[in-house]
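Taking it in order: structure first as C-alpha cells, then the write-up.
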Amino acid sequence: TCVSARIKRQIIEHTILKKKIERFREYIRTKGVTSYAIRRFRDLVRTNYRERGRDLPWRKTRDPYRILVSEIMLQQTQVPRVLEKYPEFLKAFPDFTSLARAPKIKLLKVWQGMGYNRRALNLQKAAGKVVEQFGGKLPQTYERLIELPGIGPATASDILAFAYNKPAVVIETNIRAVFIHMFFPDSEDIHDEDILPLIEKTMDRKNPCDWYNGLMDFGTELKGLFANPARKSRHYTRQSKFEGSNRQVRSRILKYILEHGRTGFSDLARAIPGSEQRLENNLIAMKDEGFIMERSGIYTIKDSD
C-alpha cells in the first residue's frame, strides 16, 4: 500500500541520515572543526531542510508582529499546540494596535489552553509599548527589543533572525541539541558558552532565517533518531509536572473566572480540589501579577493596570 511504501521510504531515509551523522561525528573526533567539517555540516542541515522541512505558518511570513506572536507562544509550548492557537490568536488580534487595546478578559480567553498565561499579559504590554513608543513598528535592534516586556536575549535574537533576516546568534533547545550531538560527540555537561562560537562560525549570514529553521528541524530529526542530545547540556532541566502543581491550580482558577465571571472564594473552593490555604495563596499570587482583582470577597479578571 501507499502507507507501507511511505513508511519503508522513511526508514531508509532515516538509516542513511544516521550513517551520515555518525560519519560526521567520527570526523569531528579525529580532525576537529575544520572548514571541511563546516561545509559538510551545512550540507547535512540544508539537505534535511529541503527534503523534510516542516510546513509552519510563521515560516511563511516576515511580518514582525506575527513572528513576535509565534516566538512568545513557542517559548514554553509544543509546536502542535501552537499550530492550533496561532491562527485563532491572529484572527482575534491581527496587529499591535488591536492587541494593545484588547480587553484582558478577551485576551485570556483566546490564550486559554496555552498555559503560562503571564506570556499573554507580557505580549499585550509589549504591543502597547510598540504602539506608544515606536509608532506600531517592532524595533529592529537587539537593544530596543530586550526593553519590551516578555522579550529576553534569546527571543530578541530570534526576532532579528526570523523577522528581519539579520545574522543574530540564536540558540534554543533543538539548536542546542544539534551542536551538542554533532560537535561534542564524547562530552558531557556542555555549557552554552562552548556552543555559541560554533553557532556563529557555521551560520549562513546571507540567509539566517532559513538556516535557523533548518537547524531546528534537524534538531527535531536528531531527537527522533537518538536519545535527546540536549540532556548533555549543563542547562538542561525537565519541565515540572503540571498535574497537581500550582500551575494547574492557577489554570483552573482562571478558567473558572473566565467562564463564570464574578466569583466568590467558596465557589472556587467547591470547584477546585485541594486545600483552601493553597487556593488562597494562588489567588494572592494571581492578584499580585495582575491577572485578577478582588473586591469585597468577589474575584474578577483585572481588565486594566
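Go through the range 56-77 and give me each residue that's surrounded by fewer than 19 Cβ atoms within 10 Å (Cβ to Cβ) and of a type in the set (D, E, K, R).
Hits for the range 56-77 are Arg59, Lys60, Arg62, Asp63.
Can you find a residue that is open to solvent by less than 30 Å² (accessible area, probe 1.4 Å), of a type in the set (A, V, I, L, M, F, W, C) and closer than 30 Å to Gly115 by Cβ anywhere in the range 35-55? Spell out the reasoning first.
Step one: list which residues in the range 35-55 are open to solvent by less than 30 Å² (accessible area, probe 1.4 Å), which gives 37-38, 41, 44-45, 48.
Checking which are of a type in the set (A, V, I, L, M, F, W, C) leaves us with 37-38, 41, 44-45.
Retained after the next criterion (residues that are closer than 30 Å to Gly115 by Cβ): none.
No - not one qualifying residue is present in the range 35-55.
Quick one: count up the residues across the range 109-126 that are closer than 17 Å to Gln248 by Cβ and open to solvent by 20 Å² or more (accessible area, probe 1.4 Å).
6
Can we say Gln133 is open to solvent by 20 Å² or more (accessible area, probe 1.4 Å) and either under 23 Å from Glu259 (Cα atoms) or in contact (Cβ under 8 Å) with a residue 40 or more places away in the chain (or both)?
Values: open to solvent by 20 Å² or more (accessible area, probe 1.4 Å): yes; either under 23 Å from Glu259 (Cα atoms) or in contact (Cβ under 8 Å) with a residue 40 or more places away in the chain (or both): no.
The answer is no for Gln133.
Filter the range 136-162 down to residues that are in a helix (DSSP H, G or I) and among the charged types (D, E, K, R) and give me whichever is least open to solvent (accessible area, probe 1.4 Å).
So the first thing to find is which residues in the range 136-162 are in a helix (DSSP H, G or I), and the list is 142-145, 153-162.
If we keep only those that are among the charged types (D, E, K, R) as well, we get 143-144, 158.
Numbers: Glu143: 112, Arg144: 107, Asp158: 17 Å².
My answer is Asp158.
Restricting to the range 194-224, name every residue that is in contact (Cβ under 8 Å) with a residue 60 or more places away in the chain and open to solvent by 30 Å² or more (accessible area, probe 1.4 Å).
Those that are in contact (Cβ under 8 Å) with a residue 60 or more places away in the chain and open to solvent by 30 Å² or more (accessible area, probe 1.4 Å): Lys201, Asp204, Asp210, Thr220, Glu221, Gly224.
Of all residues in the range 235-262, count the ones that are open to solvent by less than 40 Å² (accessible area, probe 1.4 Å), assigned to a loop (DSSP other than H, G, I, E, B) and at pLDDT 90 or above. Break it down into steps so the answer makes sense when it comes.
We begin by selecting, within the range 235-262, every residue open to solvent by less than 40 Å² (accessible area, probe 1.4 Å); these are 245, 248-249, 253-254, 257-258, 261.
When the remaining residues are screened for being assigned to a loop (DSSP other than H, G, I, E, B), the result is 245, 261.
Among the residues that remain, those that are also at pLDDT 90 or above are: 261.
Result for the range 235-262: 1.
Given the criteria exposed (fewer than 14 other Cβ atoms within 10 Å of the Cβ), out of contact with any Phe, Trp or Tyr (no Cβ under 8 Å at 6 or more places or on another chain) and in a helix (DSSP H, G or I), does Lys106 qualify?
On the way: exposed (fewer than 14 other Cβ atoms within 10 Å of the Cβ): no; out of contact with any Phe, Trp or Tyr (no Cβ under 8 Å at 6 or more places or on another chain): yes; in a helix (DSSP H, G or I): yes.
Here the answer is no, as Lys106 does not meet what is asked.
Any idea which of Asn246, Asn213, Asn207 is under 18 Å from the mean Cα position of the chain (by Cα) and farther than 21 Å from Phe184 by Cα? It would help to see each step written out before you state the result.
On the way: Asn246 fails: under 18 Å from the mean Cα position of the chain (by Cα); Asn207 fails: under 18 Å from the mean Cα position of the chain (by Cα).
That would be Asn213, the only listed residue that is under 18 Å from the mean Cα position of the chain (by Cα) and farther than 21 Å from Phe184 by Cα.
Does the range 270-303 hold any residues that are open to solvent by 80 Å² or more (accessible area, probe 1.4 Å) and hydroxyl-bearing (Ser, Thr, Tyr), and which are they?
Ser296, the sole residue that qualifies.
Quick check on my filter: what residues within the range 24-49 are within 31 Å of the chain's Cα centre (by Cα) and free of Cβ contacts under 8 Å to residues at least 24 places away in the same chain? Steps first, answer last, please.
Within the range 24-49, the subset within 31 Å of the chain's Cα centre (by Cα) is 24-25, 28, 33, 37-49.
If the condition is that a residue be within 31 Å of the chain's Cα centre (by Cα) and free of Cβ contacts under 8 Å to residues at least 24 places away in the same chain, then Ala37, Arg39, Arg40, Asp43, Thr47 are the ones that fit.
Modelled with pLDDT of 90 or more and in contact with a Lys or Arg (Cβ under 7 Å, 6 or more places away or on another chain): is that true of Asn282 in this structure? Before the answer, list the steps.
Details: modelled with pLDDT of 90 or more: yes; in contact with a Lys or Arg (Cβ under 7 Å, 6 or more places away or on another chain): yes.
In short, yes.
Limited to the range 163-193, what total is found for residues that are in a helix (DSSP H, G or I) and either open to solvent by 10 Å² or more (accessible area, probe 1.4 Å) or on the phi > 0 side of the Ramachandran plot (or both)?
Narrowing the range 163-193 to residues in a helix (DSSP H, G or I): 173-183, 192-193.
Checking the rest, the ones that are also either open to solvent by 10 Å² or more (accessible area, probe 1.4 Å) or on the phi > 0 side of the Ramachandran plot (or both) come to 173-174, 176, 181, 183, 192-193.
Total satisfying the criteria: 7.
The values are calculated or read from the model by the stated rules, or taken from the named source; none is laboratory data. Values in this document were obtained by computation on a predicted structure and should not be read as measured data. Methodologically, a virtual Cβ is constructed for each residue, glycine included, from the backbone with ideal geometry; neighbour enumeration extends over all protein chains shown. The area values use the complete protein model at the heavy-atom level, side chains included, leaving out ligands, DNA and RNA. Shrake-Rupley method; radii C 1.70, N 1.55, O 1.52, S 1.80 Å.
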